[in-house]
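What follows draws every value from the coordinates through simple rules; no lab data is involved. Predicted model only: the values in this text are computed from it and were never measured. FYI the Cβ positions are ideal-geometry reconstructions off the backbone, even for glycines, and counts take in every protein chain you see.
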Amino acid sequence: MPIKNTTYKMENIFDTFEVNETKEYNSSLSHKCYCQCQSCNISKKYIKFIPKLFIVGFLLPISWLFLIYLYIWPYMYVNSEIDHEAIDLEDLPTAFEIHQMLDEQYIDVTSENTMHSIETERNRKGSISGSNLALCREKLITKVSESIVNSHYEIRRSIIAWALRSLLGVVSYIIIIIFLVLTLKKSTK
């Protein structure tokens, strides 16, 4: 039974492997977990200023127009196809590193067992075969690709939300101006 559990853990080692763990695991993979297309690179430069620009928009509505422009320009006119750096073979985990991850996860799973049983089960595990290493690497690449796609759409979602808020602000200012003009015309008659 413990050997079966080890095989199960080996096949699913990267199922709970998050981007933060990827950063901790390998610093050379950390910058490769984010989309690096031109539109994301442009948006990353301005994303920290967007909430401030939105608030300034209540005093200067032109900043709202600039926020709408920050959505239209990177996502309509600049290349916004998901892009990333190539992942080198050196960035992928070795059999030893996967074995260490398995040891950590296996000890967590069997934490209610005695220390003697943990040691005997760990010694029974043996080494990782080539097919399991390939499977673990494939799972890591899948997780990295998912995080790249998620980062692209998270940035895009954030920019769209602020652009729509700005558009709503511009429309509300236009409606307020129209009502003010109509009221002033009525009051002067």
message: I'd like the FRET efficiency for LEU168 and ASN79, computed as 1/(1 + (r/R0)^6) with the beta carbon distance as r and R0 of 41 Å, rounded to 0.05.
response: 0.90
- prompt: Can you run phi through the Karplus equation (6.51, -1.76, 1.60; θ = phi - 60°) for the stretch 36-46 and list ³J(HN,Hα) in whole Hz, with x for Gly and Pro?
  reply: 10, 6, 4, 5, 5, 5, 5, 5, 5, 5, 9
query: Non-local amide H neighbours of CYS35 (under 5 Å, H modeled in plane, Pro and chain starts lacking H): which ones?
result: SER151, HIS152
ASN150 versus ILE47: modelled label distance in nm, points set 7 Å from Cα along the beta carbon direction: 1.3
query: Across the stretch 164-177, in residue order, what do the Karplus-derived ³J(HN,Hα) couplings come to in whole Hz, using 6.51 cos²θ - 1.76 cosθ + 1.60 with θ = phi - 60° and x for Gly and Pro?
result: 5, 4, 5, 4, 4, x, 5, 4, 5, 5, 5, 5, 4, 5
statement: Taking R0 as 35 Å and r as the Cβ-Cβ distance between SER187 and ILE55, the FRET efficiency 1/(1 + (r/R0)^6), rounded to the nearest 0.05, comes to 0.60
